[in-house]
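Notes follow once the structure below has been shown.
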Amino acid sequence: MKIPRITLSVFAGLLTIVGLQAAGSKPALRAEVTFSNPEKFTDAADDQRGSDFGRDANLQELKNHLEERANNYIPEGQKLQVTVTDVDLAGEIEPWRSPNLRDARIIKDIYSPRIQLSFKLTDASGAVVKEGTRTLSDQTFLMNIYPNRSDPRVYEKALIDNWLRSEFNAKKKK
């Protein structure tokens, strides 16, 4: 069966409109994350040399995760501002192991993840509801069960999830 070109063009146009509407229906983020002096963070890069590219990619992944997950805990009309002041990723680069493992992150319980941050939660009028500084860490991170262990930032994302859950809401909304 041959379909006229005009029908295909109309169908493609409708798909584009539906796709744009679906993309536009994403809820506004209720959190804003900034990094204070990321070049001085303890360990946020993926290699021994600590490239800016590797560090920035890791931090962007953590930022996206925090901003998206905060929508589950921060009520509509409130805004969470988070300033991350230090990151120490789980594991450590051990360059002495071998040339083949030069940039491999070795995960051991002695290399637990840690994130230091300050935050401010404000209501719709801009009044401060809650603020503080926190050090997120988990010395038993290797004993926990994670749904996606193949995610290279699974331990740090778990720190963020646990903090949001305990700091802002005992139970998840929705």
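No value in this document is a laboratory result; all are computed from the given coordinates. Source: prediction; values computed, not measured. Note: ideal-geometry Cβ built from the backbone for every residue, glycine included; neighbour counts use all protein chains shown.
Stretched out straight at 0.36 nm per residue, the stretch from residue 154 to residue 94 would grow longer than its current Cα-Cα span by 19.6 nm.
Overall, the ratio between the Cα radius of gyration of the stretch 28-168 and 2.2 N^0.38 Å, rounded to two decimals, is 1.10. Once both labels are positioned 7 Å from their Cα atoms along Cα-to-Cβ, the gap between residue 76 and residue 108 label points is 5.0 nm. Packing-based ranking of 135-141, 145-151 yields 135-141, 145-151, ordered from highest to lowest mean Cβ neighbour count within 10 Å. In this simple spin-label model, placing a label point 7 Å from the Cα along the Cα-to-Cβ direction at both residue 166 and residue 129 gives a separation of 2.1 nm.
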